[in-house]
Every structure is written in C-alpha cells, then in structure tokens.
Amino acid sequence: MAGNLAKLSAAGVAVWLDDISRERLHGGGLDKLRTEQHVVGVTSNPTIFAAALAGSELYAEQLHDLAVRKVTVDEAARMITTYDVRWACDVMRPAYDASEGTDGRVSIEVDPRLAMETDATVAEAKQLWWLVDRENLFIKIPATVPGIPAITQTLAHGISVNVTLIFSLERYRAVMDAWLTGLEQAKANGHDLTKLESVASFFVSRVDTEVDKRLEKIGTPEALALRGKAAVANARLAYQAYLEVAGGERWAALKAAGARPQRPLWASTGTKNPDYSDVLYVDDLIAPGTVNTMPEKTMRAADDHATVSADTITSHFADAQQVLDDLRAVGVDMDDVVEVLESEGVDKFEASWTELLDGIAAKLEQA
C-alpha cells in the first residue's frame, strides 16, 4: 500500500486514518501505516471507540483497575479513550516532527452530549487537552451553532482544534470566521501561533446519501441524473470558500505572525452507495493543502486503483455551482439537507457514545 497514497501525498493531500483501536496500537499496525504507507494522521469518534472496545480484550487490565478504583462510567470512558489517543499521538510523533507540526495529529472528540452547550464544550476540551498532554493532539468540536463560539474560545486557550460535522457552506464560513477570531485571541493571549493547528472536517458521503434519497423520491429524469453529484460539488465549493479566506487580509496578518492555515479535511469518505466508485471521494477531491481521512478499506482501495491527478477541485468550481443550482431547480432544498444531516450526525455520535458507556458499564461490572 504505497503507490497511490504516495501520489496523493505528493499532490498535497495528507492521508489520515479514520480509525483507532488498542489492537491497532498494540500490534504495531498504526506505526506500520505511518512508516510504510504515508499515513500522517488519525481521527477518532465515538462510533470508532465503541467498536474498538467491543472487539478487544486488550482493555481488560485497565477496566479492572478502573473497577477497583470505583470510578464512574463517564470517567472510565474518559480514561480509556485518552489512553488510546495519547498512545496514538506518540506513534504519530515522528510525522509531527517531520512536518514541523502540520501532520502527525490525532483527534479526540468532546463528549457529543455537550454539542449544544458552549461552556461545557470548552471545559471538556481543556480537560481532554490536559489529560492527553501531547502537543500533536486535536480536540474535535462539532460545528453546531453553540459549537462555533466554543471553537473560538478553545483556540484562544492555545488548544488545537479539529472542527467536525460540517455539512453546509454557510456553516463552514462561520467555522473559518470562528477560527480566525480564535487565532487573533490566542495571539493576544500570548500563545505561540506556530504551535496552534486546526482542520475543518467537511463531511462528504452522507450528503450524497441524503440528496440521492430525495432525488429518487422526485423521480424525474432530470432529478435522477443528479444522483451522486451533490457531495463532491458541495465539497469543491467549500474549497473555493477556503481559498477566498486564504486570500483575505485577516489571514495575511495572522500568517505574518506565524499562524498556520486551517486545512479543509474531507471526512466520511467511504463510499456508501455500491453503485458508485469506492474511491469517488478520493479521486474527485484532490487539491493542495487538504486532508483526506479514510477508513482503512477506502485507503486500501485508493492505493490499489485511485486515479490521482494533481488537482481535481479548483478547475471545477463553476461545474460544482451548476450542480447545486440544478438540485435547487429540481426541488432539492440543500438548506434542509444540511440541517437534517447535522442533527442526525449529532444524534448518531450521541447514540454511539451511549453505546460506549453501556459497554464500559458492563465490562466494569464483569471486572
């Protein structure tokens, strides 16, 4: 697994793994991906942690210790997840050093039950940053309305942030504004901007899933012809918005002070519709200064048969806008689409977190 992943890296796309588990850490699998297969970052979420805990006996000793100490289930979850993320940060540290702090990052998400609470999100972000205690950490904060000021406040404390669950172009612009404000406040607070990183996780495949469902309900030839086009178009226009901000005066002033750009990160890049290419969201989203975080299945498929061009985004802005215009013309309300997806995203991560807590509670009782 080195050919196309190497080409992606050369094209300016950072390849990150969308998975973490103690099995992968203990067996050296993550380190092998880093040393041999151009993987330079890791993302996690509650769904990934719930699956990792359910599928491994390597948590047994820690669970026993936590049970003996009679910690709460919430505290046990915090201890288990930060343990894995701290370990992953250490594994990825060489990539962090080699990229002078750009890559080699590992993300951990704030408790999704706090997605609608600004102050609680910031407090949890600070706690997780302190617990993991690794400068190549990212704290994931959802781009909900209450999450926007939490992004600013967390960055202002000198904490690197991965903004997650971005679906709409309007919300993405609000995220970038919150990021710029956070950097300005961090600078005023005396933090070293060269150490402060951020990515903005723009979700992809879920957009096609929701839009295609609506197109099939409409059922006209014009509507059906648009299936499988919305997600890439939406993401390409997000990159256009990113370039607009990158050319602005606020960013120029921060860059002069040592700040680093907030890279667009393509999330949810595993193709869900079997009728589409399994590397659709790799092939069509190549541009400098981006991140593609992939499940290992998608990563292996990309290395095997992705078509890697130097750039498959910036020459398609007009085409992307036309797709969104055509969707509107056939009756797809994209504002409603992204609102539904955000709500579902928060609910899914909260359900996964509950599943994780239930699993930990059962294992603590057994221990």
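The values are calculated or read from the model by the stated rules, or taken from the named source; none is laboratory data. Treat the numbers as computed from the prediction; the structure is a model and nothing was measured. Cβ coordinates were reconstructed from backbone atoms using ideal geometry, including for glycine residues, and neighbour counts include every protein chain displayed. Quick note on the areas: whole protein, heavy atoms, side chains included, nothing else; ligands and nucleic acids left out. Shrake-Rupley method; radii C 1.70, N 1.55, O 1.52, S 1.80 Å.
Annotations
- The numbered conditions (1) open to solvent by 30 Å² or more (accessible area, probe 1.4 Å); (2) under 18 Å from the mean Cα position of the chain (by Cα) are all true for Phe317 except (2).
- Within the option set Ser315, Ser277, Ser309, Ser268, being at positive phi and polar (S, T, N, Q) holds for one residue only, Ser268.
- If you go through segment 60-88 and keep only what is assigned to a helix (DSSP H, G or I), over 30 Å from Ala98 (Cα atoms) and either in contact with a Ser or Thr (Cβ under 6 Å, 6 or more places away or on another chain) or of a type in the set (S, T, N, Q) (or both), you end up with just Gln62.
- Of the candidates Ala259, Ala223, Ala267, the single residue that is under 25 Å from Trp16 (Cα atoms), in contact with a Leu (Cβ under 6 Å, 6 or more places away or on another chain), in contact (Cβ under 8 Å) with a residue 60 or more places away in the chain and open to solvent by less than 60 Å² (accessible area, probe 1.4 Å) is Ala259.
- Residues of segment 154-196 satisfying the condition of being touching a strand residue (DSSP E or B) at 6+ places or on another chain (Cβ under 7 Å) and farther than 19 Å from Ile139 by Cβ: Phe167
- Residue count for segment 296-335 under the criterion of being within 30 Å of Ser21 (Cβ to Cβ) and in contact with a helix residue (DSSP H, G or I) (Cβ under 9 Å, 6 or more places away or on another chain): the result is 10.
- Residue count, segment 180-217 (criterion: closer than 16 Å to Ile151 by Cα and of a type in the set (Asp, Glu)): 2
- Residues (within 15 Å of Ile20 (Cβ to Cβ) and either modelled with pLDDT under 95 or among the β-branched types (Val, Ile, Thr) (or both)) located in segment 74-104: Ile80, Thr81, Thr82, Val85, Val91
- Check on Lys187, open to solvent by 50 Å² or more (accessible area, probe 1.4 Å), basic (Lys, Arg), closer than 25 Å to Asp103 by Cβ and assigned to a helix (DSSP H, G or I): yes
- Looking across Glu57, Glu36, one residue alone is at pLDDT below 95, in a loop (DSSP other than H, G, I, E, B) and more than 22 Å from Trp266 (Cβ to Cβ). It is Glu57.
- Scanning segment 7-17 for residues that are surrounded by fewer than 24 Cβ atoms within 10 Å (Cβ to Cβ) and within 21 Å of Arg93 (Cβ to Cβ) yields a total of 1.
- Residues that are more than 19 Å from Thr290 (Cβ to Cβ) and either small (Gly, Ala, Ser) or part of a loop (DSSP other than H, G, I, E, B) (or both), drawn from segment 309-330: Ala318, Ala329
- Any chance Thr209 is surrounded by fewer than 21 Cβ atoms within 10 Å (Cβ to Cβ) and either within 30 Å of Gly228 (Cβ to Cβ) or charged (D, E, K, R) (or both): yes
- Selection over segment 149-181 of residues that are open to solvent by 10 Å² or more (accessible area, probe 1.4 Å) and not in a helix (DSSP H, G or I) gives a count of 3.
- Selected residue (only one of Leu327, Leu364 is closer than 18 Å to Ala51 by Cα and either of a type in the set (A, V, I, L, M) or surrounded by fewer than 21 Cβ atoms within 10 Å (Cβ to Cβ) (or both)): Leu364
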